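J.: Quick one: the structure is below, questions incoming.
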Amino acid sequence: MYSTLLAFDWLFVIEKLVLIVGIVSISLVIAMYETWAERKVAAIMQDRRGPMRAGPMGLLQPLADGLKLFMKEEIIPNTSNRILFILGPCLAMLAAMMTSAVIPWGGKIDVFGREVSLQIADINIGILYVFAVVSMGVFGIMIGGWASNNKFSLMAALRGASQAISYELPMGLSLIALLMLTGSLKLSVIVGQQLDGVWNVVYQPLGFLIFLICAFAECNRTPFDLPEAENELNFGYHQEYSSMKLGFFLFAEYINMFISSAIMATLFFGGYDIPFVNDAQLTEKVGLNLMALFQGGVLFAKIAGFIFLFMWVRWTIPRFRYDQLMNLGWKKLVPLALINMIVTAAVVLWLKK
Amino acid sequence: MEHDFDILRHLQQTLGADIIHQQQPVDEIPTCWIAKERIVPAVLQLKSSTPSPYSFLYDLFGIDERNRIHTAGAPPSDFTVAYLLFSYQQNSFIRLKVPLTGEYPTLPSISSVFKNANWYEREVYDMFGIRFEGHPHLRRILMPITWQGHPLRKEHPARATEMGPYQLWDEKQDREQEALRFKPEEWGMQAQSEDADFMFLNIGPQHPGTHGVLRIILQLDGEDIVDAVPEIGFHHRGAEKMGERQSWHTYIPYTDRIDYLGGVMNNLAYLLAVEKLAGIEVPDRVKVIRVMLCELFRIASHLVWFGTFAQDLGQLSPVFYMFTDRERIFDIIEAICGGRMHPNWFRIGGVAQDLPTGWDKVVKDFTDVFPKNLREYNSMVMRNSLFKARTKGIGIYTLQEAIEWGVTGPGLRACGFEWDFRKKRPYSGYEQFDFDIPIAQNGDCFDRATVRVEEMWQSLRIVTQCLHNMPEGSYKADHPLTTPPLKKHTMADIETLITHFLGVSWGPVIPAGEAMSCIEATKGANSYYLISDNNTVAYRVRIRTPSFPHMQMVPYISKGYTVADLLSILGSVDFVLADIDR
């Protein structure tokens, strides 16, 4: 029995643990620097300077912000439901972090003669997993908003819940069309196909557009930031939160944005595929590890592009009204996604014949 | 004028000759005294008189007459309630006064005749303790519910130091706390209907969407607004009471802070009335300087509105561009006046100083840069389809409703009514300027926005005309009552020196009389009704502000919309809390 335990591939466990810790901390650091980027982007768009006091170009600003959030008094309203009040931000954070497990962050690397895949879990239902976890994220908002025992928070939570549910539908439908083309739910396979061929966005432009809009809605970003509409609902569901619990909500939002960008890059823009380059040939030339570095860098560049898009939109356009948001989701996006699905199916069938 | 006397004669014929006493105030608005029993029929008759009905209740206020010496042959009264009606067809005002005797008199309410009389009567009750019989909800409006006394009565102290030290003992604290408890019935709302419980959402007084200390209680059915009740008075600083304490000259800075986005435009409304009372005719240069600064402030005010309106709808960036341009305007104001938001620059009979050397260059820099920016903002905000979706068809009122509720300014013009006091009743030389009255047709949030944006173009035209046609001459009228008084003869004879000394130390004594002057301020019709009792201070200052009736209308136009729409409506109405509460 001991021998079987010892026969277990301990190196595999260590490898995955290191990967998990690495990716989680990278997500956190990226979320931190997204807040910095958000402020800088906003500042540039508004003819301002943005953070510039803490460190060069304000680069230490996120640290200062984090420290400030930790130092703030932890307030739990008397009238709130204590357990749920704490559970809300935890769930939001948890759901946000879990999604990163299935994304292939790069090809394989060579560590002391051992080939290591830069993906925590290459599960064969990758996309379904992403959907399942992302849907959990809305519980954070709902529970947090309800447990605050505040009418603004409650209304925001209701808005957030119905928005998330409404937009998951067209999001899923737009993906079904994509899955018909790839034939696999495994994210590594989807990326692998794009490494050799063209990016999926060429086949599925409409699908990508729908997915993009839904990603905005899922992340509660402008123009879909109704749950935290500052001018109407006083920052919405996290109104009663302070200190790091508020920080968790804010962090979760930025991590979600990061993960959404990563998923969009993976599904539609070739993942870690370096454009205009034959990856296999280049790998032979520069070696596995350097190639993985390149690929990771390219993926992050794509992600950064999407994150910038998120921010650009946020500081440019007004937000929807609740009923307009619902109309867009149910009356425009769902039919469009359905049409996209049917047309794709017909074309796929026709080509096979 | 002819028509005015026809109206008065007509009133006399139908209501009985003995109850009407005519009075000739300095501002030549036909004024008559009516016994309180006859006020409702008289107002009704004026409102329905053809062909030119007095369909607009411009103002309604009280006067405490008990200490007044120069009453100019008016019937004996302890308190007076004055009604100011306006006829758009005839372009004329009529003033009705009701004499009241006794410590806490009553009179019939006209809230059934004019919708906007409701808040005005509440204000009179709050300020004077005069009760209106038949008023649906006579309750304090500006002062706290627990306030003792009625501030505008002459016996009420004007300063906290006259009231003794403030103490909050336990019972008082409990009482105050209890008064804060929200009971829907006290606000004229029901807690539930036949099939649903309503949710009450308290917006404000501290809320990012209310643009100041305004509280609105929303009665919600889901996200739909069943009813909304604004609570105002958080910004009440007793500006009218201060007018009875500050000299004519030292009151000018207070006016700056009424519509704090309008800056010197408030000075103008006040000073036009003072100058009417004093009989001062200002030189052309003064008129043009005043017009130029006022129009610059109109642009500045509209820029603030434009940016914050976009921000209310979630568009967060335009406000920064617009504030940058507003800053350019403030640079001009600062170069000319030294101040920025509250320059306190106009004086009785003129302005504080002549224009500085090089003023034309700073103004020209602005008029060169601004058109391009304004076009950019227009395409950034007004042509944004999301912005249109959020504002078109929201908060609609018709022209008739607008007049009924006392809407003036851009809100009135957005209903397709070409009415601008600068054009129709020119003051300060506006008849010399070439500009158009922008209008829109639908009376919704989008149209109100369109009108304001177009107004900025027109104001820019006026500023440009001022720039090119600034007349030479003195920056102050040659009149003994101007402030600070002229000094030219003081070194020649002792009498003038004494007069000058008194004029500087006490301030000018304005001859007894009553006058009002109506201007087209940034948000609508603004006027100061001044009563002088031949003294160094005003006997009564009544400030009619446009935001007050506009805010009163908000519940009416927001019913049936959603919470998000309320923010569009509030933004499009463009109020300033200090302008509401004074």
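The values are calculated or read from the model by the stated rules, or taken from the named source; none is laboratory data. The structure displayed is predicted, hence computed values, not measured ones. Heads up, the Cβs are rebuilt from the backbone with ideal geometry, glycines too, and the neighbour counts pull from every protein chain shown. Just the protein is used for accessible areas: all its heavy atoms, side chains included, with ligands, DNA and RNA removed. Shrake-Rupley method; radii C 1.70, N 1.55, O 1.52, S 1.80 Å.
J.: Looking at segment B:258-308 only, could you name the residues that are at pLDDT 90 or above and among the aromatic types (Phe, Trp, Tyr)?
T.: Selection gives B:Tyr270, B:Phe297, B:Trp305, B:Phe306.
J.: Please tell me if B:Ala440 is touching a Phe, Trp or Tyr at 6+ places or on another chain (Cβ under 7 Å), closer than 30 Å to B:Tyr561 by Cα and modelled with pLDDT of 85 or more.
T.: no
J.: I'd like the full set of residues that are over 16 Å from B:Val576 (Cβ atoms) and open to solvent by less than 10 Å² (accessible area, probe 1.4 Å), limited to segment B:247-266.
T.: Of segment B:247-266, the ones over 16 Å from B:Val576 (Cβ atoms) are B:247-253.
B:Trp248, B:Tyr251, B:Ile252, listed by residue number.
Let's see how each residue does on (1) in contact (Cβ under 8 Å) with a residue 60 or more places away in the chain; (2) exposed (fewer than 14 other Cβ atoms within 10 Å of the Cβ); (3) among the polar types (S, T, N, Q):
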{"position": "B:Arg340", "(1), (2), (3)": "no, no, no"}
{"position": "B:Arg347", "(1), (2), (3)": "yes, no, no"}
{"position": "B:Asp354", "(1), (2), (3)": "yes, no, no"}
{"position": "B:Gly358", "(1), (2), (3)": "no, yes, no"}
{"position": "B:Val363", "(1), (2), (3)": "yes, no, no"}
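J.: Any residue in segment B:39-67 that is in the same structural domain as B:Ala117 (by TED's automatic domain parsing) sitting within a Cβ distance under 7 Å of a residue that is among the polar types (S, T, N, Q) and part of a helix (DSSP H, G or I)? List the pairs, counting only those 6 or more apart or interchain.
T.: From residues that are in the same structural domain as B:Ala117 (by TED's automatic domain parsing), the pairs are B:Gln45/B:Thr14.
J.: Kindly indicate whether any position in segment A:317-335 is surrounded by 15 or more Cβ atoms within 10 Å (Cβ to Cβ), of a type in the set (Ser, Thr, Tyr), assigned to a helix (DSSP H, G or I) and within 14 Å of chain B (Cβ to nearest Cβ).
T.: yes
J.: Kindly indicate whether any position in segment B:379-388 is buried (at least 21 other Cβ atoms within 10 Å of the Cβ), in contact (Cβ under 8 Å) with a residue 60 or more places away in the chain and not assigned by TED's automatic domain parsing to the domain that holds B:Ser48.
T.: Within segment B:379-388, one or more residues are buried (at least 21 other Cβ atoms within 10 Å of the Cβ), in contact (Cβ under 8 Å) with a residue 60 or more places away in the chain and not assigned by TED's automatic domain parsing to the domain that holds B:Ser48.
J.: Pick from A:Leu288, A:Leu250: which is touching a strand residue (DSSP E or B) at 6+ places or on another chain (Cβ under 8 Å), open to solvent by 40 Å² or more (accessible area, probe 1.4 Å) and either modelled with pLDDT under 80 or more than 14 Å from chain B (Cβ to nearest Cβ) (or both)?
T.: A:Leu288
J.: For A:Phe211, are the conditions met, namely being hydrophobic (A, V, I, L, M, F, W, C) and either within 14 Å of chain B (Cβ to nearest Cβ) or more than 13 Å from A:Leu267 (Cα to Cα) (or both)?
T.: Judged against the criteria, A:Phe211 is not a match.
J.: Which of the numbered conditions does A:Ser135 fail, given that it passes all the others? Conditions: (1) under 29 Å from A:Val191 (Cβ atoms); (2) hydroxyl-bearing (Ser, Thr, Tyr); (3) assigned to a loop (DSSP other than H, G, I, E, B).
T.: All conditions pass for A:Ser135, except number (3).
J.: Same structure, new question: Cβ-Cβ below 6 Å, separation at least six or inter-chain, first residue in segment B:102-115 and more than 19 Å from B:Glu404 (Cα to Cα), second part of a strand (DSSP E or B): which pairs?
T.: B:Pro105/B:Phe79; B:Thr106/B:Arg131; B:Thr106/B:Glu133; B:Leu107/B:Val98; B:Pro108/B:Glu133
J.: Something else: Condition first: surrounded by fewer than 24 Cβ atoms within 10 Å (Cβ to Cβ), within 13 Å of chain B (Cβ to nearest Cβ) and part of a helix (DSSP H, G or I). Now tell me which residues in segment A:147-166 satisfy that.
T.: Residues satisfying the conditions are A:Lys151, A:Phe152, A:Leu154, A:Leu158, A:Ser162.
J.: When you go through B:Cys445, B:Cys415 one by one, which is the residue that is buried (at least 19 other Cβ atoms within 10 Å of the Cβ), more than 23 Å from B:Val264 (Cα to Cα), in contact with a Gly (Cβ under 9 Å, 6 or more places away or on another chain) and more than 14 Å from chain A (Cβ to nearest Cβ)?
T.: B:Cys415 is the lone residue from the list that is buried (at least 19 other Cβ atoms within 10 Å of the Cβ), more than 23 Å from B:Val264 (Cα to Cα), in contact with a Gly (Cβ under 9 Å, 6 or more places away or on another chain) and more than 14 Å from chain A (Cβ to nearest Cβ).
J.: Here's a follow-up. Within the bounds of segment B:547-559, is there any residue that is at pLDDT 85 or above and in contact with a Lys or Arg (Cβ under 6 Å, 6 or more places away or on another chain)? Talk me through it step by step, then tell me what you get.
T.: Within segment B:547-559, the first condition is being at pLDDT 85 or above, and the residues that meet it are B:547-559.
From the residues that got through so far, the ones that are in contact with a Lys or Arg (Cβ under 6 Å, 6 or more places away or on another chain) too are B:547.
Yes, there is a match, as at least one residue in segment B:547-559 is at pLDDT 85 or above and in contact with a Lys or Arg (Cβ under 6 Å, 6 or more places away or on another chain).
J.: I've got another one for you. Which of the residues spanning segment B:178-209 are within 14 Å of another protein chain (Cβ to nearest Cβ), at pLDDT below 80 and open to solvent by less than 30 Å² (accessible area, probe 1.4 Å)?
T.: Selection gives B:Gly204, B:Gly209.
J.: From the list B:Phe370, B:Phe435, pick out the single residue that is assigned to a helix (DSSP H, G or I) and more than 14 Å from chain A (Cβ to nearest Cβ). Full working, then the answer.
T.: Numbers: B:Phe435 fails: assigned to a helix (DSSP H, G or I).
The unique qualifying residue is B:Phe370.
J.: Taking A:Gln193 as meeting all but one of (1) at pLDDT 80 or above; (2) open to solvent by less than 30 Å² (accessible area, probe 1.4 Å), write down the number of the exception.
T.: Here A:Gln193 meets the rest and fails (2).
J.: Let me ask another. Name the residue, out of A:Leu178, A:Leu209, A:Leu187, A:Leu226, that is closer than 27 Å to A:Glu253 by Cβ and surrounded by fewer than 19 Cβ atoms within 10 Å (Cβ to Cβ). Write out each step before concluding.
T.: Details: A:Leu178 fails: surrounded by fewer than 19 Cβ atoms within 10 Å (Cβ to Cβ); A:Leu187 fails: surrounded by fewer than 19 Cβ atoms within 10 Å (Cβ to Cβ); A:Leu226 fails: surrounded by fewer than 19 Cβ atoms within 10 Å (Cβ to Cβ).
That would be A:Leu209, the only listed residue that is closer than 27 Å to A:Glu253 by Cβ and surrounded by fewer than 19 Cβ atoms within 10 Å (Cβ to Cβ).
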